[in-house]
Amino acid sequence: MTDPLLETTEFEPAKDELESSSFPEREKPRVRYGLEDDTGFDEVPKKYRRFYRRWRGKGDQLAPNEVICPVCRVVIRSARDLRPGDRVYCMPCFSRLTVVRAESGRLEARVEY
Amino acid sequence: MSVEMVEIHARDHEAFLREVHSFEFWFQSVEGYLVEHPYGVDPNAPIPELENSEKEALIATLSTYCVGEVAALDGASGMIGFAPSRQAKIFLATQVADEARHLEVMLHRLAELGVTDAEGEFEVRANRNLLAFRERLGEFVEAKDWEASLFAQNVILESMEFAAFHSHMQSADSRTAEMLAGVLKDERRHLGFGENDLGRHLAQAPHARRRLQEIKNELDTLVLATFEDSQRALGVPASERSEVGRLYLDTVARLGFDS
């Protein structure tokens, strides 16, 4: 049985802005990521652990489906590549975040209270 | 259903908040890192030997940490009585359990370091600035002032503790580092609750910002002095001490407060 809280087949991050011509990168289909690997993250209930991992410091790199939570510095993972406007949740610190592209070109997360 | 087809980030905010503030969420979260770790450590790991000077510095620092934990234990338990929602009350009940555990594991570590009456002695050894902070937090709680209590405890104190414990872990002996790592995992929830709850509140009541800024200005001095002293005692170079305050400064900046 699938946990109803995890079941979201219709989910398309930033769906409302998909058709906007100002976000051409959104026109490309999303890349899906399997998150079944054990990241060693143990701070949330088992069923959610694959969505988070620790930042390993210098030398660590974020994948296209990952952003760092600015509140608690945990790496948040999505089952799809992330794009500006996407919403993600950081369960370890209860934060709702929006993905933005920083001046450096890197994807970052901004807290939305 | 394959794992690629599920995604937790699609949930609506209300459902997310309901779950993360629940006792069940807390219970399943702490289970991951507390089971089979009495007093927050691997019982089979050896207890490292420390030089006397290292031991004295660690005892003083842990004593100060104990004051912070007692402040949060008393603060969180008092705040349950006037928290504005059932979700906040339940979350604070879980925080009380966390703070009680932190105090217990730190007293246990002090006993391992040879302090014979850790509970009776920690206040004597602790930093005076943090004792003053605890008194001020107690006044906010006594006055049932939700905004000020939440700000002082779950934003100022928790984010400074998070930064200080994280920094201390880098240089601590293996047993102290393991204990602090477990405490840090709890602190993520506490500081996240504070920032997010206060952030939502300030969006509805922007007039509260000026008063909280004044409280911040008053308490900053006490908290920053406490952690500056602790870092010095632990031998952290002056050039690295400002890093410890960065997480706190980032937090208050996101909430719209001046440094």
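With respect to A:Val44, determine if the residue is in a loop (DSSP other than H, G, I, E, B) and either more than 10 Å from chain B (Cβ to nearest Cβ) or closer than 26 Å to B:Phe27 by Cα (or both). Lay out the reasoning, then the answer.
Working: in a loop (DSSP other than H, G, I, E, B): yes; either more than 10 Å from chain B (Cβ to nearest Cβ) or closer than 26 Å to B:Phe27 by Cα (or both): yes.
Taking the combined requirement at face value, the residue satisfies it.
With the condition being over 30 Å from A:Thr39 (Cα atoms) and touching a residue at least 24 places away in the same chain (Cβ under 8 Å), I'd like the helices (runs of 4 or more DSSP H) fully within segment B:20-138 carrying at least 2 qualifying residues.
Numbers: elements: B:23-34, B:52-80, B:86-112, B:118-125.
Filter on segment B:20-138 gives B:52-80, B:86-112, B:118-125.
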B:Ile59 is checked against (1) crowded, with 16+ Cβ neighbours inside 10 Å; (2) under 18 Å from the mean Cα position of the chain (by Cα) and fails just one. What number does that condition carry? (2)
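Kindly indicate which of A:Val71, A:Val67, A:Val75 is without any contact (Cβ under 8 Å) to a residue 60 or more places away in the chain, β-branched (Val, Ile, Thr) and more than 12 Å from chain B (Cβ to nearest Cβ). If you could, list the steps in order and put the result at the bottom.
Values: A:Val71 fails: more than 12 Å from chain B (Cβ to nearest Cβ); A:Val67 fails: more than 12 Å from chain B (Cβ to nearest Cβ).
Just one listed residue meets the conditions, A:Val75.
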Residues B:Ile90, B:Ile8: which one is within 14 Å of chain A (Cβ to nearest Cβ) and at pLDDT 95 or above? B:Ile90
Those residues of segment B:105-129 which are of a type in the set (A, V, I, L, M) and at pLDDT 95 or above, in sequence order: B:Val105, B:Met106, B:Leu107, B:Leu110, B:Ala111, B:Leu113, B:Val115
Restricting to segment A:24-39, name every residue that is facing chain B (nearest Cβ under 10 Å), at pLDDT 85 or above and surrounded by fewer than 11 Cβ atoms within 10 Å (Cβ to Cβ). A:Gly34
Exactly one of B:Phe257, B:Phe227 is aromatic (Phe, Trp, Tyr), farther than 19 Å from A:Phe94 by Cα and not in a helix (DSSP H, G or I), and that one is B:Phe257
Look through segment B:190-206, keep the residues that are charged (D, E, K, R) and within 7 Å of another protein chain (Cβ to nearest Cβ), and return whichever of them is farthest from B:Thr251 (Cα to Cα). B:Arg200
Against the definition (modelled with pLDDT of 95 or more, surrounded by 21 or more Cβ atoms within 10 Å (Cβ to Cβ) and under 19 Å from B:Leu247 (Cα atoms)), how does B:Val141 come out, yes or no? no
When you look at A:Gly57, is it at pLDDT 65 or above, touching a helix residue (DSSP H, G or I) at 6+ places or on another chain (Cβ under 7 Å) and exposed (fewer than 14 other Cβ atoms within 10 Å of the Cβ), yes or no? no
Given (1) more than 13 Å from every other protein chain (Cβ to nearest Cβ); (2) within 9 Å of the chain's Cα centre (by Cα); (3) among the β-branched types (Val, Ile, Thr), index of the condition A:Val100 fails: (2)
Kindly check whether there is at least one residue in segment B:237-250 that is out of contact with any Gly (no Cβ under 9 Å at 6 or more places or on another chain), at the interface with chain A (Cβ under 10 Å from one of its Cβ atoms), hydrophobic (A, V, I, L, M, F, W, C) and in contact (Cβ under 8 Å) with a residue 60 or more places away in the chain. yes
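Can you find, within segment B:230-254, the residue that is nearest to the chain's Cα centre (by Cα) among those that are loosely packed, with under 13 Cβ neighbours inside 10 Å and in a helix (DSSP H, G or I)? Steps first, answer last, please.
Of segment B:230-254, the ones loosely packed, with under 13 Cβ neighbours inside 10 Å are B:235, B:237-240, B:242, B:246, B:253.
Applying the additional criterion that residues be in a helix (DSSP H, G or I) yields B:238-240, B:242, B:246, B:253.
Working: B:Ala238: 23, B:Ser239: 24, B:Glu240: 21, B:Ser242: 19, B:Arg246: 15, B:Ala253: 19 Å.
The extreme case among them is B:Arg246.
The values are calculated or read from the model by the stated rules, or taken from the named source; none is laboratory data. Because the structure is predicted, anything quoted here is derived from the model rather than measured. Here the Cβ is made from the backbone with ideal geometry for all residues, glycine too, and neighbour counts use every protein chain on show.
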